[in-house]
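Report on the following structure.
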Amino acid sequence: MPVGIALSTAGIGQSRVAVIGVSSVPPLLAALIAARAESNGRRDTWGKRAEHVTVGTRDGNRPTFGVALLRNLVKITLPWQLGHIVTIGAVYGGFETSDPLTLAATAVLYPLIGVQLWTCARGEGHGLHDRLARTVVSRRPEDRPVRTHEALHATR
């Protein structure tokens, strides 16, 4: 059952603050789980393991939990929760009433999406989250090669 339906049924959905608070739990949990996985001995999440890549610091070391958490808060939680705040604000009439939180979240969200798209389009593989956390994602030397953006264009 979606959380919003449960909140509404319980009468909690009337409070925008409660809905925003509850909506922050999944992206925070996702960031914590990813940070723990990326800061452990394997330095990867399930998806990175499937793609045979690993996360490290720029000098090749295992990221600390704090570094991995920063990386994943920027990568997962920030855009996800900003999207939630904008959507919840819209549902509660935030655009019509010029709600400052809804407008501020919108003003941050769309440029953030633009920056993330720009870093992806550049093809370097260094997203905003990696730049801020000073991390890199690289292929595991013991595993099969990863098809990078450059390798795909070199074969054409």
Inset, instruction - Can you confirm whether the stretch 9-30 contains a residue that is part of a loop (DSSP other than H, G, I, E, B), farther than 16 Å from THR135 by Cβ and of a type in the set (Ser, Thr, Tyr)? - result: yes
Inset, instruction - Would you mind stating whether VAL55 is within 30 Å of GLN14 (Cα to Cα) and of a type outside the set (D, E, K, R)? - result: no
Inset, instruction - Could you tell me whether ARG42 is surrounded by 12 or more Cβ atoms within 10 Å (Cβ to Cβ), modelled with pLDDT of 95 or more and not polar (S, T, N, Q)? - result: no
Legend entry - Sole exception among (1) touching a Lys or Arg at 6+ places or on another chain (Cβ under 9 Å); (2) buried (at least 17 other Cβ atoms within 10 Å of the Cβ) for LEU73, by number: (1)
Legend entry - Filter pass, ARG71 being modelled with pLDDT of 90 or more and of a type in the set (Lys, Arg): yes
Legend entry - Within the stretch 87-125, considering residues that are of a type in the set (Val, Ile, Thr) and closer than 24 Å to ILE20 by Cα, the one surrounded by the fewest Cβ atoms within 10 Å (Cβ to Cβ): THR97
Legend entry - Conditions (1) of a type in the set (Gly, Ala, Ser); (2) over 29 Å from VAL136 (Cβ atoms); (3) buried (at least 17 other Cβ atoms within 10 Å of the Cβ): number failed by ALA34: (2)
Inset, instruction - Could you tell me whether the stretch 78-95 includes any residue that is in a loop (DSSP other than H, G, I, E, B) and at pLDDT 95 or above? - result: yes
Inset, instruction - Report whether or not ARG62 is among the basic types (Lys, Arg) and at negative phi. - result: yes
Inset, instruction - Look at VAL55 and say whether it is touching an Asp or Glu at 6+ places or on another chain (Cβ under 7 Å) and either over 25 Å from THR106 (Cβ atoms) or acidic (Asp, Glu) (or both). - result: yes
Inset, instruction - Enumerate the pairs (first residue in the stretch 31-53 and over 14 Å from ASP130 (Cα atoms) and in contact (Cβ under 8 Å) with a residue 12 or more places away in the chain; second residue anywhere and surrounded by fewer than 20 Cβ atoms within 10 Å (Cβ to Cβ) and acidic (Asp, Glu)) with beta-carbon separation below 7 Å, excluding pairs fewer than 6 apart on the same chain, so at least 6 apart or on different chains. - result: HIS52/ASP143
Inset, instruction - Check the stretch 39-60 and report whether any residue there is farther than 30 Å from PRO100 by Cα, of a type outside the set (Phe, Trp, Tyr) and touching a Phe, Trp or Tyr at 6+ places or on another chain (Cβ under 7 Å). - result: yes
Inset, instruction - Starting from the stretch 75-93, take each residue that is more than 16 Å from PRO26 (Cα to Cα) and list its partners that are among the small types (Gly, Ala, Ser) and buried (at least 17 other Cβ atoms within 10 Å of the Cβ), counting only C-beta distances under 7 angstrom and pairs at least six apart or across chains. - result: VAL86/ALA105; GLY89/ALA105
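The values are calculated or read from the model by the stated rules, or taken from the named source; none is laboratory data. Note that the structure is a prediction, hence the values are computed from the model and not measured. For neighbour counting, all protein chains shown are included, and Cβ atoms are generated from backbone atoms with ideal geometry for every residue, glycine included.
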